[in-house]
Amino acid sequence: MILRSAATLQASSWQKDLSEAITDSKELCRHLNLTDQDLIQANMASQQFALKVPRPFANRMEKGNPKDPLFLQIWPQGQELTTQINYLTDPLGEKAASPQVGVIHKYHGRVLLIGSPTCAINCRYCFRRHYPYEENMLNTEQYQAAFNYIQQETSIAEVILSGGDPLVSSNKRLAWVVTQLEAIPHVKRLRIHTRLPIVIPNRVDDGFLSLLQQTTLQTVIVVHSNHSNEIDSSVSTALTALRQVCTVLNQAVLLKQVNDNKQALTNLNIKLFEAGVLPYYLHLLDKVHGAAHFDIPEADAIALVKELSHQLPGYLVPKLVREDAGAKSKTLIAIN
Ligand SMILES: *Cc1c(COP(=O)(O)O)cnc(C)c1O
Ligand code: SF4
């Protein structure tokens, strides 16, 4: 077992990595030795949804390669500005399912709590790229109202902290949220959906690990990684540390040119498992305005996951899912 070394993990502070994220397209191109990128288009697209990539993630991109699978996930492209029929700003109908600011309650027994206004990284394909995070940034009073809602809905056994990325919040804030949830008897499980352990692995610091270790709730962390190049040794170390205190799963999005081939998905799931992480969902792209160029036809996705299942043990094959507005769960897509 690889033991976490505090010295390696906490050499630089994650807050610094967050605040020093690259947000300027020209700077990113210089950083990556890219010369021919269309900066005018990039700047136009980033006015709709800002370019944002922390350096620890950018440093895993191959220099001089405009097709790098990590670069493609964050680079604003002119194609985002084209309107496509059926690609909406709120594809999952989340506004309709929000009984309370910051709360999305669609499925039985579990509720999403969106407490944090930002993510560490802006993924171009994000289904919440048009989500009004600023309006949903919870102050203490609104948190209290959210907790009251959860308290009254006794069917809720699981609270999912989701994105914006909940780990953008400080450990102190998280600890307060956890304490409030622990006080609600029917809440048994805490789930955290986060990309931060992948993007800025330093975020998995001692304070966060001990918070997970000490809570009376059962804990699950669902990270989000789409390509094995995202997982360098510092990410593996962070994931391994998390694995020692809770269950760790991964969800990925199937993305054209990024991971839409058998080899990429095989490598991803093997690499994750080496760090103790099991695959959970492989999502078909949500049809959000601005992301159509990442979309893969469902039939191709089925064929691909079928090939994957011929390649890997069953537990390393993610469930292929689609999200349909109004449905009672994610829609599982059969591969046979
Ligand atoms: C995806 C999602 C969940 C979690 O669903 P699981 O299938 O349990 O992972 C819960 N609430 C909402 C609104 C979701 O979109
Ligand atoms: S980290 Fe997740 S929520 Fe944040 S931009 Fe990326 S896909 Fe969207």
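The values are calculated or read from the model by the stated rules, or taken from the named source; none is laboratory data. Because the structure is a prediction, the values reported are computed rather than measured. As a convention, Cβ positions derive from the backbone with ideal geometry for all residues, glycine included, and neighbour counts pool all protein chains shown.
Observations on the model:
- Candidates are the residues of the range 146-198 that are small (Gly, Ala, Ser) and in contact with a Lys or Arg (Cβ under 7 Å, 6 or more places away or on another chain); the one that is farthest from Arg110 (Cα to Cα) is Gly163.
- Look at the range 102-131: where a residue is under 14 Å from Leu161 (Cβ atoms) and a partner is of a type in the set (D, E, K, R) and near ligand 1 (Cβ under 10 Å from one of its atoms), sitting 6+ places away or on another chain with Cβ atoms under 7 Å, you get Ile104/Glu94; Arg110/Glu158.
- The residues listed here are Pro76, Pro69; of these, the one that is at pLDDT 95 or above and more than 18 Å from Phe127 (Cα to Cα) is Pro69.
- Among the residues listed as Asn250, Asn259, Asn267, the single one being part of a loop (DSSP other than H, G, I, E, B), polar (S, T, N, Q), within 22 Å of Arg195 (Cα to Cα) and assigned by TED's automatic domain parsing to the domain that holds Gly109: Asn259
- Just so you know, in the range 202-216 the residues that are under 22 Å from the mean Cα position of the chain (by Cα) and in a loop (DSSP other than H, G, I, E, B) include one that is nearest to Ile114 (Cα to Cα), and it is Val204.
Per-residue answers, yes or no, for (1) assigned by TED's automatic domain parsing to the domain that holds Asp38; (2) loosely packed, with under 15 Cβ neighbours inside 10 Å:
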residue	(1), (2)
Glu62	yes, yes
Leu72	yes, no
Thr89	no, yes
His105	no, no
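- Test set (1) in contact with a helix residue (DSSP H, G or I) (Cβ under 6 Å, 6 or more places away or on another chain); (2) closer than 19 Å to Val168 by Cβ; (3) not charged (D, E, K, R) - Leu242 fails condition number: (1)
- Within the range 295-316, the set of residues being part of a helix (DSSP H, G or I), of a type outside the set (Val, Ile, Thr) and either closer than 18 Å to Leu268 by Cα or more than 23 Å from the chain's Cα centre (by Cα) (or both) comprises Ala299, Asp300, Ala301, Ala303, Leu304, Lys306, Glu307, Leu308, Ser309, Gly314, Tyr315, Leu316.
- Residues of the range 141-167 that turn out to be within 16 Å of ligand 2 (Cβ to nearest atom) and either more than 16 Å from the chain's Cα centre (by Cα) or outside any helix (DSSP H, G or I) (or both), as a count: 6
- Remark: Ile192 falls outside the filter, which requires a residue to be among the aliphatic types (A, V, I, L, M), outside any helix (DSSP H, G or I) and either more than 16 Å from ligand 2 (Cβ to nearest atom) or at positive phi (or both).
- Checking Tyr131, Tyr149, Tyr87 one by one, the residue that is more than 20 Å from Leu190 (Cβ to Cβ) and in contact with a His (Cβ under 9 Å, 6 or more places away or on another chain) is Tyr87 and no other.
- Residue match in the range 115-128 (condition: outside any loop (DSSP other than H, G, I, E, B) and within 16 Å of ligand 1 (Cβ to nearest atom)): no
- Residue selected from the range 74-86 under the condition within 16 Å of ligand 2 (Cβ to nearest atom) and touching a residue at least 60 places away in the same chain (Cβ under 8 Å), by the criterion surrounded by the most Cβ atoms within 10 Å (Cβ to Cβ): Glu80
- Total residues in the range 295-336 satisfying the condition of being under 21 Å from Leu88 (Cα atoms), away from ligand 1 (no atom under 16 Å from the Cβ) and out of contact with any Leu (no Cβ under 9 Å at 6 or more places or on another chain): the figure is 1.
- Close Cβ contacts (under 8 Å, 6 or more residues apart or on different chains) running from residues in the range 316-336 that are modelled with pLDDT under 95 and surrounded by fewer than 16 Cβ atoms within 10 Å (Cβ to Cβ) to residues that are polar (S, T, N, Q) and part of a strand (DSSP E or B) comprise Asp324/Thr331.
- Filtering the range 175-201 to residues that are under 16 Å from Cys119 (Cβ atoms) and either of a type outside the set (Lys, Arg) or without any contact (Cβ under 8 Å) to a residue 12 or more places away in the chain (or both) leaves Ile192, His193, Thr194, Leu196, Pro197, Ile198, Val199, Ile200, Pro201.
- Boolean, Lys106 is part of a strand (DSSP E or B) and among the charged types (D, E, K, R): yes
- Residue that is farthest from the chain's Cα centre (by Cα), among those in the range 32-59 that are modelled with pLDDT under 95 and among the β-branched types (Val, Ile, Thr): Thr35
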